[in-house]
Amino acid sequence: MIRGRILWPLLALVVLFAACATQDAADYAEEAAEVGAALVLDAEAAAAVVDGIEQAYVAAYDAEDAAGIVALFAADGTQARPLIPSQDVAGIEAAYAEQFAAGGDYSLEVMREDMVVAEGWIVSWGGYVATVAVEGAEPFEVTGRYGSVNRQEADGTWKIYRHIFNYIVPPPEPGQDM
């Protein structure tokens, strides 16, 4: 009797999850068919997509262009920076604008290690080195790891859907020798 009380709710949950997963996949396939988007990429095409996103991100960072970075994100995209909760695109732009307004000369290098391609999605990860030169101080490097989930939008373009990075070598604390 006890087994039945536990088994039936678990079985109901399994059926519910399976139904939701099937519906999500069907909705996505229908949406993709409507726009005629090419959802399956070979490794070379996927690498070209990620190269383009990464190069644009680096160029915007080096130019201290917060709006340029945000333009690479999907409208519902988020970024998780070290030690703070995930931010939506407005939060991402505000954080970079504040960082760049503090002054300095910024340079970013991204070293992608690998990626995985699925229908309409590319997940990539690797390391980065950000160099910051502040007037009157020695330049310093911030190194870390990143992960990015890129999604093909309904119009066929690719945008960053989720992005996270952390520090291996963090920036110096305010007032700390650089």
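Among the listed residues A37, A90, A97, identify the single one that is at pLDDT 95 or above and surrounded by 15 or more Cβ atoms within 10 Å (Cβ to Cβ). Give the derivation first.
On the way: A37 fails: at pLDDT 95 or above; A90 fails: surrounded by 15 or more Cβ atoms within 10 Å (Cβ to Cβ).
Result of the check over A37, A90, A97: A97.
Which residues, taken from region 107-120, are more than 24 Å from Q152 (Cα to Cα) and buried (at least 16 other Cβ atoms within 10 Å of the Cβ)? Steps first, please.
Kept after step one, since they are more than 24 Å from Q152 (Cα to Cα), are these residues of region 107-120: 107-109.
Matches in region 107-120: L108 only.
For residues that are buried (at least 16 other Cβ atoms within 10 Å of the Cβ) and of a type in the set (A, V, I, L, M), scanning just region 40-55, find the one that is modelled with the lowest pLDDT. I'd like the intermediate steps shown before the answer.
Within region 40-55, the subset buried (at least 16 other Cβ atoms within 10 Å of the Cβ) is 41, 46-47, 49-50, 53-54.
In the following step, the residues that additionally are of a type in the set (A, V, I, L, M) were identified as 41, 46-47, 49-50, 53.
Numbers: L41: 76, A46: 94, A47: 94, V49: 95, V50: 96, I53: 97.
So the residue we want is L41.
Sort out which residues of region 85-111 are of a type in the set (S, T, N, Q) and over 15 Å from the mean Cα position of the chain (by Cα), and write them in order of number.
Taking region 85-111 first, the residues of a type in the set (S, T, N, Q) are 86-87, 99, 107.
The answer is Q99, S107.
Return yes or no: is I122 without any contact (Cβ under 8 Å) to a residue 12 or more places away in the chain, hydrophobic (A, V, I, L, M, F, W, C) and farther than 18 Å from A59 by Cα?
Working: without any contact (Cβ under 8 Å) to a residue 12 or more places away in the chain: no; hydrophobic (A, V, I, L, M, F, W, C): yes; farther than 18 Å from A59 by Cα: yes.
The answer is no for I122.
Can you find, within region 125-171, the residue that is surrounded by the fewest Cβ atoms within 10 Å (Cβ to Cβ) among those that are at pLDDT below 85 and in contact with a strand residue (DSSP E or B) (Cβ under 6 Å, 6 or more places away or on another chain)?
V169
The values are calculated or read from the model by the stated rules, or taken from the named source; none is laboratory data. Quick caveat: nothing in here was measured; it's all calculated off a predicted structure. Heads up, the Cβs are rebuilt from the backbone with ideal geometry, glycines too, and the neighbour counts pull from every protein chain shown.
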